[in-house]
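Throughout, read-outs are computed from the coordinates displayed, never taken from laboratory work. In this text the structure is predicted, and so the values were computed from the model without any measurement. Backbone-built Cβ (ideal geometry, glycine too); neighbour counts: all protein chains shown.
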């Protein structure tokens with residue numbers, strides 16, 4: 001654990017030596033109804049600021065830890081407005097509506113007076129209804145056969161995941177490719193060290209893909225997630241059944257044009273259930 | 001045009017007799033910076049309240065009509081909290097950040113003190129960058145060959161579109177299907193009467209699909225869009241080139257479970273460009 005120079009992170013590190021880094025990263029302290037205090041986690045540092053998945057999970061945690069929250073998350077969108085600095089931040093939530101079936105929240109993550117992230121979260125009661133999955137899992141080897149490895153690279157947060165690439169693995173050299181690389185990736189991915197899945201880690205896993213531009217062009221350049229939407233289709237039983245086993249992630253893109261590209265993703269359980277689907281919009285400079 | 005009993009709608013109807021119903025439906029009047037007044041359009045009435053696409057476009061219009069807005073929309077998420085009544089409403093916007101490349105907005109649509117919709121919009125400068133579309137348009141007959149017909153049905157808004165189903169057309173009988181219907185639909189769709197495309201109508205077209213549950217089960221029951229996310233990948237040249245011709249819409253779902261299902265969509269130009277992609281979460285009762 002690296003608590004860095006942040007007093008809050010150091011304090012939490014000392015208090016919870018056996019706590020998983022993800023739980024430290026997403027920890028919040030309530031200071032008032034709908035007002036939470038947190039700090040960026042050095043363990044999930046990105047090129048600039050924090051890994052978007054950790055930020056997403058932290059903001060979601062402000063909903064799920066709230067006494068007013070009556071049900072599990074079903075949908076979340078987070079917009080990343082500006083990179084966070086290393087200091088503490090506040091997450092401020094507004095419960096916009098509690099209906100019979102759903103609760104609607106809007107949230108802001110604010111640091112030094114700047115809104116770094118703006119989000120909406122929908123929670124919903126999941127009943128025993130019609131159930132159907134028209135799609136089947138991609139035909140891939142199991143995680144054990146995919147050569148799971150600790151993430152490595154210039155970004156600290158990569159070390160917090162294990163990856164087993166099935167197709168569309170990273171092969172960028174820093175030089176433009178003669179032929180465009182595949183935009184699609186299939187990858188087994190799990191927390192490192194392993195951690196029993198919950199909605200928070202599912203939200204973070206949904207952003208654990210490399211940006212498609214990297215795969216297609218092969219060059220590292222200024223780029224970043226602008227808006228991330230995740231639909232949580234897993235119920236509690238699905239999540240409990242998955243435990244700490246890696247999930248299969250699939251990501252792809254449909255169009256790169258004029259500084260932006262889209263990026264779709266799906267997360268599958270070991271036994272072929274769709275746990276989450278989503279899409280993000282990515283900005284790139286040139 | 002039906003202005004109904006709403007004074008504002010009647011007034012606009014009288015003032016703009018040749019105005020397209022979509023422009024009437026999405027019209028807003030500024031009452032202060034970031035505060036807009038509008039009214040639900042009877043022409044786009046839904047089972048309950050208004051067609052989500054019209055609501056989406058109206059909220060987006062509060063951004064695009066704002067003097068502070070510096071660029072075109074690239075991403076939008078709108079959460080539909082409760083059905084609107086027939087009276088007037090306010091759209092209140094907050095400009096959260098203006099950066100070099102993007103502007104971030106959050107918005108609420110409020111009627112009689114209730115938040116009916118909460119949204120985030122990202123606008124972005126589109127430059128002359130790397131461009132690539134890894135996907136090709138589905139191999140379908142052109143719109144002229146698809147038998148474009150005026151929308152009909154129990155929902156008023158259907159009359160405001162023309163549909164030419166290529167696959168996965170509506171065939172629900174009100175009785176549960178012996179075999180589940182296809183979750184995927186390919187359909188040419190355009191405004192009725194035709195109207196030159198802009199970002200507002202593109203945002204509405206993104207929600208012009210029947211909910212996947214209807215296609216799969218064949219029964220009409222309580223259901224509704226909860227959260228709609230659209231990424232606008234079309235630049236102004238793409239939109240100008242499309243004009244008032246129908247676009248090809250593709251929609252599908254991956255999992256129905258515990259009162260919710262997801263629904264992905266893509267909109268394609270006549271010449272095979274991806275104009276928009278997106279996803280929504282749908283609630284259903286049983």
Springs between alpha-carbon pairs under 10 angstrom, Gaussian network model over chain B: which of B:209, B:163, B:130 fluctuates most? B:130
For each of B:265, A:76, count neighbouring Cβ atoms within 10 Å of the residue's Cβ, then give the residues from fewest to most. B:265, A:76
For segment B:34-48 and segment A:44-121, compute the distance between their C-alpha centroids and round to whole Å. 29 Å
Pulled fully out, how much extra length does the chain show between residue B:136 and residue B:173, if you take 0.36 nm times their separation in residues and subtract their Cα-Cα distance? 9.9 nm
What residue among B:24, B:155, B:109 has the largest mean-square fluctuation in a Gaussian network model of chain B, using Cα springs under 10 Å? B:155
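Residue A:150 to residue A:83: extension gain in nm, 0.36 nm per residue of separation minus the Cα-Cα distance?
Values: separation 67, 0.36 × 67 = 24.12 nm, distance 2.55 nm.
Result for the pair: 21.6 nm of gain on full extension.
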Quick note on A:207, B:271, B:191, A:262, ordering by fewest other C-beta atoms within 10 Å, gives B:271, B:191, A:207, A:262
How many nanometers, to one decimal and shortest first, lie between the label point of residue B:272 and those of its other copies, if labels sit 7 Å from Cα toward Cβ? 3.4
Whole-Å distance, taken between Cα centres, linking segment A:259-285 and segment B:260-274: 15 Å
Below 8 Å, C-alpha to C-alpha, sequence gap of six or more: please give me the relative contact order for segment B:156-286 in percent. 27 percent
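Per the helix-only calculation at 222 nm, which mean residue ellipticity applies to chain B, given -39500 (n - 2.57) for every DSSP H run of n ≥ 4 and division by its residues, nearest 500 deg cm²/dmol? Provide the component values of the computation, followed by the final result.
On the way: 6 runs with 47 residues, N = 286.
My calculation for chain B gives -4500 deg cm²/dmol from helical runs alone.
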Comparing B:263, B:221, B:242 in a Gaussian network model of chain B (Cα, 10 Å), the one with the largest mean-square fluctuation is B:221
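Report the relative contact order of chain A, percent, no decimals, based on alpha-carbon pairs under 8 angstrom and at least 6 residues apart.
Working: 628 pairs, mean separation 44.7, N = 286.
Relative CO of chain A lands at 16 percent.
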I need to check one value: relative contact order of segment A:103-181, counting alpha carbon pairs closer than 8 Å and at least 6 residues apart, in percent. 17 percent
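Using the 10 angstrom Cβ neighbour count as an exposure proxy, how do B:60, A:158 rank, fewest first? Don't skip to the end; give the middle numbers.
Details: B:60 27, A:158 19.
Ordered from fewest to most neighbouring Cβ atoms within 10 Å, B:60, A:158 come out as A:158, B:60.
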